[in-house]
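**Q** Quick one: the structure is below, and I'll ask about it shortly.
The values are calculated or read from the model by the stated rules, or taken from the named source; none is laboratory data. Worth saying up front: this structure is predicted, and the values here are computed from it rather than measured. For neighbour counting, all protein chains shown are included, and Cβ atoms are generated from backbone atoms with ideal geometry for every residue, glycine included. Remember, those area values only see protein heavy atoms, side chains included, never the ligands or the DNA or RNA. Shrake-Rupley method; radii C 1.70, N 1.55, O 1.52, S 1.80 Å.
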Amino acid sequence: MRIYLIGYMGCGKSTLGRRLAKHLNLQFVDMDHYIEMRNHKSVPQIFAEEGEAEFRKKERKALEELSEFSNIVIATGGGAPCFFDNMDLMNQTGTTIYMNIDPAILADRLIHSKTERPLIKGKSKEELVVFIDEMLAKRRPFYSQAKHEITEPDIDLDVIRKFIS
Ligand code: S3P
């Protein structure tokens, strides 16, 4: 059993992932946290010191490793499905669930979030709304390859249970 939660920054992958793992008695791993532990650097540090391309390579490597873990719920980074053939790898090795959350809600959550995210650092709420719209247009073709889609972060977990049974 391996479940991948995918979707844009701020859609609630980690929160849902923790709830879901508890509900199904599985392990939970946040991919960004895993990358940080494996590389002994924070995500913002990797972006600043090595650049995004290097971060994407590290992200791919983390995904390859995590795709061999069993009985696990993985909250992936927002960009992970959109690089290399990461989406294929996830679809081949587990149940993929796209959290398709309204962009206005994403902007609101991100502006209040304490997590440092290099791609949106320093953006005002107005800039963020435009940025999310543009980026989602590019990312949706990847996200929508997920086997399942949900539109509410606080979804009834039994709905998700049905995806995997
Ligand atoms: C990113 C999302 C982040 C993190 C990095 C890049 C992205 O993860 O991997 O800052 O490209 O959307 P979250 O989706 O957990 O914020």
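**Q** Which aspartates and glutamates have a Cα lying under 16 Å from the Cα of LYS123, excluding residues fewer than 8 positions away in the same chain?
**A** The qualifying aspartates and glutamates are ASP108, ASP133, GLU134.
**Q** Roughly how many Å is it from the Cα centre of the range 68-110 to that of the range 15-44, as a whole number?
**A** 12 Å
**Q** If I build a Gaussian network model for the chain, linking alpha-carbon pairs within less than 10 angstrom, which residue out of GLY78, GLY122, GLY94 has the largest mean-square fluctuation?
**A** In the Gaussian network model the winner is GLY122.
**Q** Counting only protein heavy atoms and a 1.4 Å probe, tell me what percentage of the range 2-153's accessible area is made up of carbon and sulfur.
**A** Answer for the range 2-153 is 50 percent, counting heavy atoms of protein chains only.
**Q** Specify the residue with the greatest mean-square fluctuation among PRO141, PRO103, PRO44, computed from a Gaussian network of the chain linking alpha-carbon atoms under 10 Å apart.
**A** PRO141
**Q** In square angstrom, what is the accessible area per residue of the range 2-153 with a 1.4 angstrom probe?
**A** Accessible surface, normalised per residue, equals 50 Å².
**Q** What's the Kirkwood radius of the range 26-104 in Å, using all Cα pairs?
**A** Details: mean 1/r = 0.0756 Å⁻¹.
Radius from the Kirkwood sum: 13.2 Å.
**Q** On to the next question. Taking loop as defined by DSSP and a crowding limit of 10 other beta carbons within 10 Å, which trypsin sites (Lys or Arg not before Pro) in the range 119-165 fit?
**A** Of the trypsin sites (Lys or Arg not before Pro), the ones in loops of the range 119-165 whose Cβ has at most 10 other Cβ atoms within 10 Å are LYS121.
**Q** In whole Hz, what ³J(HN,Hα) sequence does the range 67-79 give by Karplus (6.51, -1.76, 1.60; θ = phi - 60°), x for Gly and Pro?
**A** 6, 9, 7, 10, 6, 9, 10, 10, 8, 7, x, x, x
**Q** For the range 125-139, what does the Karplus curve 6.51 cos²θ - 1.76 cosθ + 1.60, with θ = phi - 60°, yield as ³J(HN,Hα) per residue in whole Hz, taken in order and with x for Gly and Pro?
**A** Residue by residue, the range 125-139 yields 4, 5, 5, 5, 4, 5, 4, 5, 4, 5, 6, 5, 4, 7, 8 Hz.
**Q** Once you wrap a convex hull around the alpha carbon atoms of the range 2-153, what is its projected area averaged over all directions, in nm²?
**A** 8.3 nm²
**Q** Go ahead and estimate [θ] at 222 nm for the chain from helices alone: -39,500 (n - 2.57) per DSSP H run with n ≥ 4, summed, over the residue count, rounded to 500. If you can, show how the numbers build up before the last one.
**A** Working: 8 runs with 89 residues, N = 165.
That comes out to -16500 deg cm²/dmol.
**Q** Could you give the length gained on full extension between ARG60 and ALA137, defined as 0.36 nm per residue of separation minus the Cα-Cα distance, in nm?
**A** Result for the pair: 25.5 nm of gain on full extension.
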